[in-house]
Amino acid sequence: MSDLKSKFLEVYSVLKSELLNDPAFDFTDDSRLWVERMLDYNVPGGKLNRGLSVIDSFKLLKEGKEPTDEEIFLACVLGWCIEWLQAYFLVPDDIMDSSHTRRGQPCWFRLPKVGMIAVNDGLILRNHIPRILKKHFKGKPYYVDLLDLFNEVEFQTASGQMIDLITTLVGEKDLSKYSLPLHHRIVQYKTAYYSFYLPVACALVMSGENLDNHVDVKNILVEMGTYFQVQDDYLDCFGDPKFIGKIGTDIEDFKCSWLVVKALELANDEQKKLLHENYGKEDPECVAKVKKLYETLNLQDVFGEYERQSHGKLIKAIEGHSNKAVQFVLKSFLEKIYQRQK
């Protein structure tokens, strides 16, 4: 795995060099340095799970046949396109949420001299993706399929983010509209498509598969992505910031989190009143009251039960798939996230 990660990081250096010498733009020394620093700060710093999953999935789909060096390189390139997409989503997301840390360091926009220039940096990150795809896949029979796939998933993710944001409008904080179906919809579009479906879809397209024939795979991965986001909601409140690399702000941000939805389901009238009065406020005392209520409602155990049930349901769906190679891909994804701590 460490060999694969070092190979993957080598490909990042290749792509970065190509982008910093893109003939479509006449770089000044300052602009080239800015973009290089911006890329290094925002693109390769995470766990890289999404990108590495493209390579893992592609290898499993080969069913024991050794991929060529070119195939591994191209799988790495697609993996990095997803990491670029992730960076493009996170840079403005941190601005919109007024976040302080990301991946254990200050958010990009919080750095001296960056500020709102980060908005344009997000646009540059987004525009790098078609540049990379054009450079490395233009001659391939599946080039247009890849462009369509990335465009579709970007649209779904941005739309999911929109639903998330409009449910937290300042001055319109209404907990009564929060429900599990709303949470599921936000999560499905905001996270599941790009984090879970996209890496496997890239591997399937590279393997010569038609994505229209794999709707069941998409459905399983979207469910897996929903489960992953519920874990994220849980860790935002109960995880250790030193361990997960960020300080959770879902309570302060009035997020439609799985925890608050479950709390509303389980709370009595008095507890609901406490939630309505304290949820979505930055005052540390209000945040502490909400967290205390979560503990009183035993949400840690409720989450544990949800996790066990989700795992069982996903395993059953995966084992019902006719293609063994696809089963291996889906199970390897599930193993990576089941009972994760960060």
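The values are calculated or read from the model by the stated rules, or taken from the named source; none is laboratory data. The structure displayed is predicted, hence computed values, not measured ones. Glycine also receives a Cβ, built like all others from the backbone with ideal geometry; neighbour counts cover every protein chain displayed. Just the protein is used for accessible areas: all its heavy atoms, side chains included, with ligands, DNA and RNA removed. Shrake-Rupley method; radii C 1.70, N 1.55, O 1.52, S 1.80 Å.
Select from region 18-48 the residues that are of a type in the set (Asp, Glu) and free of Cβ contacts under 8 Å to residues at least 40 places away in the same chain and list them in ascending order.
Matches in region 18-48: Asp26, Asp29, Asp30, Glu36, Asp40.
Of all the residues that make up region 102-141, how many are buried (at least 19 other Cβ atoms within 10 Å of the Cβ) and over 28 Å from Leu33 (Cβ atoms)?
The qualifying residues number 1.
So, Gln86, is that one under 13 Å from the mean Cα position of the chain (by Cα) and either buried (at least 22 other Cβ atoms within 10 Å of the Cβ) or of a type outside the set (Asp, Glu) (or both) or not?
yes
If a residue counts only when it is of a type in the set (Val, Ile, Thr) and touching a helix residue (DSSP H, G or I) at 6+ places or on another chain (Cβ under 6 Å), which helices (runs of 4 or more DSSP H) contained entirely in region 213-316 have at least 1 such residues?
Hits in region 213-316: 215-238, 241-244, 258-266, 284-296.
Taking region 107-150 only, how many residues are part of a helix (DSSP H, G or I) and small (Gly, Ala, Ser)?
Total meeting the criteria: 2.
Open to solvent by less than 30 Å² (accessible area, probe 1.4 Å) and not in a loop (DSSP other than H, G, I, E, B), is that true of Leu198?
Here the answer is yes, as Leu198 does meet what is asked.
Tell me, which residue of region 264-295 that is of a type in the set (Lys, Arg) and surrounded by 15 or more Cβ atoms within 10 Å (Cβ to Cβ) is modelled with the lowest pLDDT?
Of everything passing the filter in region 264-295, Lys281 is modelled with the lowest pLDDT.
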